[in-house]
Amino acid sequence: MEFDDVINARHSVRAYSDKQVDKSLLTELVSEAIKSPSWVNSQPWKVYIATGDTMRRLADQQADLESRDVQSHPDIPVQHRELWEAPQQANMQENSTRRAEWGTEHGVSYPESQRHLYNAPAVAYLTIAKSSPQWSLYDLGNFAETLILAATNKGLGTIPSYSLVKYPELARQALGIPENELLVIGIAIGYPAMSPMNDYRSKRMALDQILTISD
């Protein structure tokens, strides 16, 4: 794809087909993502990818915990929405309301999809050392976005999602993630299903709300 096409094609995919993603393709995505910039080239990231039987077990275990309303305890605490700045609260409220209405109108359940890890055939779990400086979170964000755009360029769908790391003990046990690593985010990767769930698009703020250029 042309780069502009990749940028515009990327969106959060919340329902995946059963088609598996070749391990060679997953490896290729990571080989492109490692070209991301980082503080003094520190490259603080590590990547653990679940596929196949491991992915199915994780989805089943997550669904079980969700069905029993087991309290989550992610490595990075979740901040209640009332503590965010007003513009961000408004963005989240608008998106949540509109997406729920879309789901009702089209007969799909986004929460149910989340509970089953979106039926994703693969999830990339991204970590940094717990001793890392805060700047490493920025670096990991660079890595994550490059991975996502690389996947989009290959015709794959993705979604970086808190739901994938809300029970970090599941991924730690399944993938051997050490306790001295911070499990920051999971990124679902796969081929989008033909579902109205994937037709929803979130809105973006106007440029004049976020941009200042000073001569």
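Derivation of every value follows stated rules applied to the coordinates shown; laboratory data play no part. Since the structure is predicted, the reported quantities are computational estimates derived from the model, not experimental observations. Note that each Cβ is placed from the backbone with ideal geometry, even for glycine, and that neighbours are counted across all protein chains shown.
Some points to look at:
- Net charge over other residues, Cβ less than 9 angstrom from the Cβ of Y110 (K, R count +1; D, E count -1): +1
- Over all other residues within a Cβ to Cβ distance under 14 Å of Y162, the charged ones net out to +2, with Lys and Arg as +1 and Asp and Glu as -1.
- Pairs of lysines in the range 3-200 (C-alpha under 19 Å apart; 8 or more residues apart or interchain): 8
- Fraction of the pair-distance distribution of the chain above 24 Å, Cα-Cα pairs, percent: 47
- Lys/Arg +1, Asp/Glu -1 at C-beta; the chain dipole; positive extreme among Y200, I128, P87: I128
- Positive dipole terminus of the range 3-200, leading residue within L175, Q114, H73 (C-beta point charges): L175
- The magnitude of the dipole of the chain, with charges of +1 and -1 set on the Cβ of Lys/Arg and Asp/Glu and taken from the Cα centre, is near 320 debye.
- Peptides 111-117, 32-38, 71-77 ordered by average Cβ neighbours within 10 Å, highest first: 111-117, 32-38, 71-77
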